[in-house]
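Report on one structure; see the data block that follows.
The values are calculated or read from the model by the stated rules, or taken from the named source; none is laboratory data. Quick caveat, the model's predicted, so the values are computed rather than measured. All Cβ positions, glycine included, derive from the backbone under ideal geometry; neighbour counts span all protein chains shown. Note: accessible area is taken over every heavy atom of the protein model, side chains too, but ligands, DNA and RNA are not part of it. Shrake-Rupley method; radii C 1.70, N 1.55, O 1.52, S 1.80 Å.
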Amino acid sequence: MSAPLEEKVEQRTRPTLEELKERKARNRQRVSDNAEVMTISMGPHHPSTHGVFRMDLDLDGEVIVDVRPEVGNLHRGMEKLAESKTYHQIIPLTDRLHYVVSFSQNEGYCEAVEKLMGIEVPERAKYIRSMCHEMCRIANHIIWLGFLVMDLGAITFQQITFREREYIMDLWEMLTGARLTHSFARIGGVAKDIPDGFREKMAAALEVIPKRMAEYDRLIRNNRIFLARGKDVGIFTSEDCAAWRVTGPTLRAAGCPRDLRKDEPFAAYDQLDFNVCVEYEADVIARYVLRMNEIYESIKIIKQCLDEMPDGPVIAEDAFHVIPPKKDVLRSSAAMIQDFVQVFRGPQVPKGEVYKAVETSQGELAFYIVSDGSPKPQRLRITTPCFYHCQAMQPLLQGEMLADIVGIFCGVDVCLGSCDR
Amino acid sequence: MAAAKNIDELSPAHKQVASHLQGKFGKRLLETSSFRGDLTYVVSPQDWLEVLTYCRDAEELRFDRLDSLLGNHFPEREDQPFEVIAHLVSIPHTTRIRIKTRLAEGETLPTVTGVWPSASFDERETWEMFGVVFEGHPNLTRLLTVPDFDGYPLRKDFPLQGRVGGRIRWNFKGEI
């Protein structure tokens, strides 16, 4: 086994904001004044765009002068659709935002609705939610690494990372019954308790994943091509991140320890012990190191969740807002009435508006809900991190080389389903 | 709307923000409310740019990030049916604030892309979905829908189903 990633972090420098700016300015190729600018279109079918995303590139030779990102090819009108559905019926829609980390999107929506309705979630459900969040994070970061390395030219590596993601997918299948879009969160808790044998399977997976991570590390960390194509490429300082609303690992890789799990704790994160990973070099390599460190933290959190999880119900007992567990519906008449009312009429909601943000593996996902007192939202706005990451392609890519687009684009982690809504 | 009496339930950080903004703008904050810990201010469209710029620049506030900017439509309000809502975040203070403005049909709003460049996509989306024009925006074109889409989909009078507006004209010759 190679040395853990923490050792490498110590060797890395901690440049200040000024140094980073200077480095960024130096890296950017100077565009000559009388350059002949050529405009070409990249996408929407380009394999590295991870979806249907088009960029209009203004090029001076191989240097990018300007970028006009174009999104919207996957627009499904989810916000309009949500206005015609009750609060319970919107949960499956949120799955389809980002299909790699469906649970995080479900949970973010449910957190917002619970804030609106003032529901207290049981402790056990909070721990299950935190655990599921971290499962999402591990799966997403592993698959991200595979795509990054594939974009930089090594296709085999992507197949290897899918092998490890399979452990998480099997766990999802055991926990929820589905592998991709599982709609597992419910308003007031989660759909099911963890099944028998889940802990053992999880323990086995958490045993294997760090070993495989060490394997990745051995393959990539000292790879000359990877370092040459990632070092000092795509520098984005914390100031730029704030101006362009770039969040998540990209922001933390620029030296800003902003993590909603610590800053505005949701689920059970206020009771869990974990560190916020920070990197300082703000380039593609820093984003890679940061994500790998986050996987180790996630493993720590999942172990804590499984150990400290209290007993009790997994969904709140609240007759006005919550769909009761199925086994109660078939046995007690009160629960059956509650189920009918919730399914056919929907929950009772106070008038008002809430905004709730959660930390997903891409960045800060926020839901803004306006309620007029009816069981359907008056307005639901989904503020996804990827929307702003696509927009930030313009400052990120200006002055960089054409061949680095794929690495930078993958480096900030964009999902077009989440961007276009 | 909830009245200012709920202000007492705010967190200490929010109380500071509230008292600072109240001291600076006073009567120009048309409404103040708080619901479930979210602090909301309503300003007039003329004060929109000034209030948002002040929120970013004031040392005590430091709302350095625009978390989202969006529109809303209330057809039952006769004179001012549109709302534009900005959510601001302060990374150093970890506070949030919501600032709204209400607009009549056809009324325009100055762009905040000069304050936060990230507002560009948000304003384009708000324009295409609600028809609120942002003056001074560098590129106010359709973002999520097709370029020749007809109508403003998120307005309440736009139908959920049907063939209104969504038809793609294949012989479209306009600027894409």
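Key figures for this structure:
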{"read-out": "Subset of region A:370-391 (residues that are more than 8 Å from chain B (Cβ to nearest Cβ), under 11 Å from A:SER418 (Cβ atoms) and of a type outside the set (A, V, I, L, M, F, W, C))", "value": "A:THR384, A:PRO385, A:HIS389"}
{"read-out": "Hey, A:LEU396 crowded, with 22+ Cβ neighbours inside 10 Å and not hydroxyl-bearing (Ser, Thr, Tyr) or not", "value": "yes"}
{"read-out": "Odd one out for A:GLY72 among (1) over 30 Å from B:PHE149 (Cα atoms); (2) in contact with a helix residue (DSSP H, G or I) (Cβ under 9 Å, 6 or more places away or on another chain)", "value": "(1)"}
{"read-out": "In region A:233-281, residue farthest from B:SER90 (Cα to Cα) [restricted to those that are in a loop (DSSP other than H, G, I, E, B) and charged (D, E, K, R)]", "value": "A:ASP273"}
{"read-out": "Among residues of region A:356-369, those that are open to solvent by 10 Å² or more (accessible area, probe 1.4 Å) and either at the interface with chain B (Cβ under 7 Å from one of its Cβ atoms) or at pLDDT below 90 (or both), counted", "value": "0"}
{"read-out": "Members of region B:120-134 found to be in contact (Cβ under 8 Å) with a residue 24 or more places away in the chain and either assigned to a loop (DSSP other than H, G, I, E, B) or facing chain A (nearest Cβ under 9 Å) (or both), listed by number", "value": "B:ASP122, B:GLU125, B:MET129, B:GLY131, B:VAL132, B:VAL133"}
{"read-out": "Some residue of region A:248-258 being of a type in the set (Val, Ile, Thr), within 14 Å of chain B (Cβ to nearest Cβ) and either open to solvent by less than 60 Å² (accessible area, probe 1.4 Å) or within 30 Å of B:GLU123 (Cβ to Cβ) (or both)", "value": "yes"}
{"read-out": "Some residue of region A:143-156 being part of a loop (DSSP other than H, G, I, E, B), on the phi < 0 side of the Ramachandran plot and either in contact with a His (Cβ under 6 Å, 6 or more places away or on another chain) or of a type in the set (Val, Ile, Thr) (or both)", "value": "no"}
{"read-out": "Hits in region A:184-196 (condition: in contact with a Ser or Thr (Cβ under 8 Å, 6 or more places away or on another chain) and surrounded by fewer than 18 Cβ atoms within 10 Å (Cβ to Cβ))", "value": "A:LYS192"}
{"read-out": "Residues (part of a helix (DSSP H, G or I) and either surrounded by 14 or more Cβ atoms within 10 Å (Cβ to Cβ) or modelled with pLDDT of 90 or more (or both)) located in region A:338-355", "value": "A:GLN338, A:ASP339, A:VAL341, A:GLN342"}
{"read-out": "All positions within region B:150-174 that are at pLDDT below 80, surrounded by 13 or more Cβ atoms within 10 Å (Cβ to Cβ) and at the interface with chain A (Cβ under 10 Å from one of its Cβ atoms)", "value": "B:GLY166"}
{"read-out": "Qualifying residue in region A:275-287 (condition: within 17 Å of the chain's Cα centre (by Cα), under 23 Å from A:GLY108 (Cα atoms) and open to solvent by less than 60 Å² (accessible area, probe 1.4 Å))", "value": "yes"}
{"read-out": "Subset of region A:341-387 (residues that are among the small types (Gly, Ala, Ser), farther than 27 Å from A:HIS133 by Cβ and touching a Lys or Arg at 6+ places or on another chain (Cβ under 9 Å))", "value": "A:GLY373"}
{"read-out": "Qualifying residue in region A:363-380 (condition: farther than 25 Å from A:GLY77 by Cα, in contact with a Pro (Cβ under 8 Å, 6 or more places away or on another chain) and polar (S, T, N, Q))", "value": "no"}
{"read-out": "Hits in region B:92-111 - residues which are under 30 Å from B:SER11 (Cα atoms), open to solvent by less than 30 Å² (accessible area, probe 1.4 Å) and over 10 Å from the mean Cα position of the chain (by Cα)", "value": "B:THR95, B:ILE97"}
{"read-out": "Leading residue by the ranking (nearest to the other protein chains (Cβ to nearest Cβ)) among those in region A:392-412 that are under 19 Å from A:THR39 (Cα atoms) and among the β-branched types (Val, Ile, Thr)", "value": "A:ILE405"}
{"read-out": "Condition check for B:VAL51: within 23 Å of A:ASP240 (Cα to Cα), of a type in the set (Val, Ile, Thr), within 14 Å of chain A (Cβ to nearest Cβ) and open to solvent by less than 10 Å² (accessible area, probe 1.4 Å)", "value": "no"}
{"read-out": "Hey, B:PRO138 open to solvent by 30 Å² or more (accessible area, probe 1.4 Å), more than 9 Å from every other protein chain (Cβ to nearest Cβ) and in contact (Cβ under 8 Å) with a residue 40 or more places away in the chain or not", "value": "no"}
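Every residue, every condition in (1) at pLDDT below 90; (2) touching a His at 6+ places or on another chain (Cβ under 6 Å); (3) away from chain B (no Cβ under 14 Å), yes or no:
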position: A:GLU114; (1), (2), (3): no, no, no
position: A:CYS132; (1), (2), (3): no, no, yes
position: A:MET135; (1), (2), (3): no, no, yes
position: A:GLN159; (1), (2), (3): yes, no, yes
position: A:PHE162; (1), (2), (3): yes, no, yes
position: A:ARG165; (1), (2), (3): yes, no, yes
position: A:ARG179; (1), (2), (3): yes, no, yes
